[in-house]
Amino acid sequence: MAVQLRALDHVTVCTRDLDASLAFYREVLGLELADWRPPFRFDGAWLALAGHAVVHLVAGRAVADPDGAVDHFAIAGAGSPETAKAELTARNIAFDERETPDGRFRQLFVRDPDGVKIEIVFDQQRPAA
């Protein structure tokens, strides 16, 4: 029997510049600063989506290769891909756009200040919020 799981809880991202990463995740991706974080002995921040801390930033532990063994992490986009593309373009943030072969998912790939690849995925069969 396998370990029983419910959902992906969070992603930890190591950063060289906590302030730059906080600005990116809050201002570009719209995550909120979580109202609670354990009293770790290292600097960092937790960022929440719908009240759940989904990105944990850890300061001072940047890695030489931000891709490492993990290619990217994904966050479900709300609204339309066109609105997101306009926002990224207005902020001069480069992105790659892709679509799954069946056309169901449109994907925008961006990089955070430390080069971590993030996919913003839009389900074309789900009504836009």
Notebook entry, point to check: List the pairs whose first member sits in the stretch 111-124 and is surrounded by 17 or more Cβ atoms within 10 Å (Cβ to Cβ) and in a loop (DSSP other than H, G, I, E, B), whose second member is β-branched (Val, Ile, Thr) and at pLDDT 90 or above, and whose Cβ atoms are under 6 Å apart, counting only residues at least 6 apart or on separate chains?
Noted result: Asp114/Thr15; Val116/Val13
Check: Can you spot a residue in the stretch 36-45 that is over 14 Å from the mean Cα position of the chain (by Cα) and over 21 Å from His10 (Cβ atoms)?
Finding: no
Check: Which residues, counting only those in the stretch 41-51, are touching a Leu at 6+ places or on another chain (Cβ under 9 Å) and either closer than 26 Å to Ala86 by Cα or assigned to a strand (DSSP E or B) (or both)?
Finding: Gly44, Ala45, Trp46, Leu47, Ala48, Leu49
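How many residues are among the hydroxyl-bearing types (Ser, Thr, Tyr), in a helix (DSSP H, G or I) and farther than 26 Å from Asp19 by Cβ when one looks only at the stretch 52-91?
Residues meeting the conditions: 1.
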Item checked: Of residues in the stretch 1-40 being of a type in the set (Gly, Ala, Ser) and part of a loop (DSSP other than H, G, I, E, B), the one farthest from Ile75 (Cα to Cα) -> Ala2
Note to self: Restricting to the stretch 75-93, and then to whatever is in contact with a helix residue (DSSP H, G or I) (Cβ under 8 Å, 6 or more places away or on another chain) and among the hydrophobic types (A, V, I, L, M, F, W, C), can you tell me which residue is nearest to Val13 (Cα to Cα)?
What the structure shows: Ile93
Next item on the list: Could you please let me know if Arg26 is out of contact with any His (no Cβ under 6 Å at 6 or more places or on another chain) and modelled with pLDDT of 95 or more?
Entry: yes
Note to self: Quick check on the stretch 60-74. Is at least one of its residues more than 24 Å from Asp9 (Cα to Cα), surrounded by 15 or more Cβ atoms within 10 Å (Cβ to Cβ) and in contact (Cβ under 8 Å) with a residue 24 or more places away in the chain?
What the structure shows: no
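The values are calculated or read from the model by the stated rules, or taken from the named source; none is laboratory data. Computed from a prediction, not measured in an experiment: that's the story for all the values here. Cβ atoms come from the backbone with ideal geometry, glycine included; neighbour counts cover every protein chain shown.
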